[in-house]
Amino acid sequence: MQAAEKDRQRMMDLLGIKDLRPGASASGKGPNPVNYDEAKADGDARLPDALKLEDGRQVTSAEMWWKARRPEIVELFDREVLGRVPAHVPAVTWKVVSTTRGVTGGVATITKTLDGHVENGGDPAITVDIDLKLTTPAAARGPVPVVLELAFSQQFLESIAHMIPEMAPGAAAKAGPTWQEQVLQRGWGYAEYIPTSVQPDSGAALTKGMIGLANQGRPRRPDDWGALRAWAWGASRCLDYFATDGAVDAKRVAIAGHSRYGKAALVAMAYDRRFAAAYISSSGEGGAKLYRHHFGEGIGNIAGVSEYHWMDGNFLKYDGPLTAADLPVDAHELIALCAPRPVFIGAGATKGDGWADARGMFLAEVAAGPVYRLLGRRGLGTSEYPPPGTALMTGDLGFRQHLDGHTPAPNWPTFLEFAGRYLQAPR
Ligand code: GCU
């Protein structure tokens, strides 16, 4: 923690930030107790207009979106929120470490364990090997759609099991078929990528991992990439590999992630137009939730010592002299960057997953709708918040607040039904 604290202070000094506001306290105690009252969330706050150019002109055609407005939004997220991927990032070489046959949920499978080695001549002291596993049905009649999950390591899940039992290893299996089994039932494959193999989840490690390697071990500049962007970059490298593997239909790869990896999965979907669909689970603040909807986690938490490294340095300003209202973008525009591709956003009940703010994510999807419609697609189809447990999935944006806690499991069947409209197994 001390090293992260020092690094964050260095960034604050660089930006001339004297103090940061404390994050919301989850326990409800202290100077800034977490808010779970919709009446105080400022749900009507004015959002930046996704379809208005910085010079004030309205975006009225798909061409204006692709050529003018989308690049503006990308630049704002790059500079102010997520940071930039460096212009020259070392290359990745993929190797199949092993291939094994198995059976999952009654389906015969082939699993490849893969290693994506990042060239490290620039700083031999830092090694990065992307950890990826790919499982496809052994009897597939051709390349199959694949769901790529940004996966927590077993170790991490074990370490948080006492706090979030619903995420404990094996917890989902008790409730019915696992998501992997559900995916195989459809004749698709699944892959699990460990984002921390690309970038450790700590501010103390920003001079290490992929961010450190690309920077030759130097600390970050204010607009250098944060962990979310680095984790998303790793997901794109996994997709590069899939394009070389005949078992995978690389044009039909969906990306999925939960919580901090829900944020990273949304970033991957937004920036890499090759991903065909996304399941963004409980991504909350820094993910699909509007920064301007003050409910659950807030900017002050993301700017905290244990989370600031997810974002770029400039993001700290919005917890210092500036506020959420000063952000030049909001989460609806991150979702809009995914358009016209299908995105399903989920979360749990307020009691249990209120921190992630389901309604704040719903409101962001509603506000992304105009971009989907401009591109000839459909958004959520309503701006009225549905009762918990109700799936919205008539358009190219989907939403469901399930009835449990901080877990992606209950929404997997809904997501797969949604994604099934776009991804089909070979016949
Ligand atoms: C914390 C954090 C969230 C994050 C979550 C997780 O609760 O505040 O932003 O999504 O951890 O990744 O589990």
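The values are calculated or read from the model by the stated rules, or taken from the named source; none is laboratory data. As the structure is a prediction and not an experimental result, all values here were calculated from the model. Using ideal geometry, Cβ is built from the backbone for each residue, glycine included, and neighbour counts are taken over all protein chains shown. Surface accessibility is based on the protein's heavy atoms, side chains included, excluding ligands, DNA and RNA. Shrake-Rupley method; radii C 1.70, N 1.55, O 1.52, S 1.80 Å.
Given an 8 Å cut-off on Cα distances and at least 6 residues of separation, report the relative contact order of segment 193-255 as a percent.
So the answer I get is 27 percent.
The packing ranking of peptides 225-237, 255-267, highest mean first, is 255-267, 225-237, where packing means the average number of other beta carbon atoms within 10 angstrom of each residue. Given the C-alpha centroids of segment 303-349 and segment 225-248, what is the distance between them in whole angstrom? Using only Cα atoms, the two centres lie 21 Å from each other.
When the P(r) of the chain is calculated, the portion above 40 Å amounts to 12% of the C-alpha pairs. Report summary: the helix-based calculation at 222 nm, which adds -39500 (n - 2.57) for every DSSP H run with n ≥ 4 and divides by the residues of the chain, gives -7500 deg cm²/dmol. Relative contact order, whole percent, for the chain stands at 19, derived from Cα pairs under 8 Å and 6 or more residues apart.
Can you check what the Kirkwood hydrodynamic radius comes to for segment 29-183, Cα pairs only, in Å to one decimal?
Hydrodynamic radius (Kirkwood, Cα pairs) of segment 29-183 is 21.5 Å.
Remark: spin-label model distance K67-A3 equals 4.9 nm, labels positioned 7 Å along the Cα→Cβ axis. The Rg/Rh ratio for segment 255-332, using Cα coordinates for both the radius of gyration and the Kirkwood hydrodynamic radius, is 0.97. Say the cut-off is 27 Å between C-alpha atoms; which of K6/K351; K112/K251; K18/K67; K40/K263; K52/K317; K40/K351 go over it? Among K6/K351; K112/K251; K18/K67; K40/K263; K52/K317; K40/K351, the Cα-Cα distance tops 27 Å for K6/K351; K18/K67. Taking every alpha-carbon pair within segment 182-332, the share separated by more than 19 Å comes to 55 percent.
In the complete set of protein chains, residue-level accessible area for R359 is approximately 80 Å², probe 1.4 angstrom.
Other residues whose C-beta falls under 10 angstrom from the C-beta of G217 contribute a net charge of +1, scoring Lys and Arg +1 and Asp and Glu -1. Between A161 and Q185, the simple label model (points 7 Å from Cα in the Cβ direction) yields a spacing of 2.6 nm.
Rounded to the nearest 0.05, the FRET efficiency derived from the C-beta distance between S236 and Y422 at R0 = 25 Å is 0.80. Ordering 120-126, 166-172 by mean Cβ neighbour count within 10 Å, with the highest value first, yields 166-172, 120-126.
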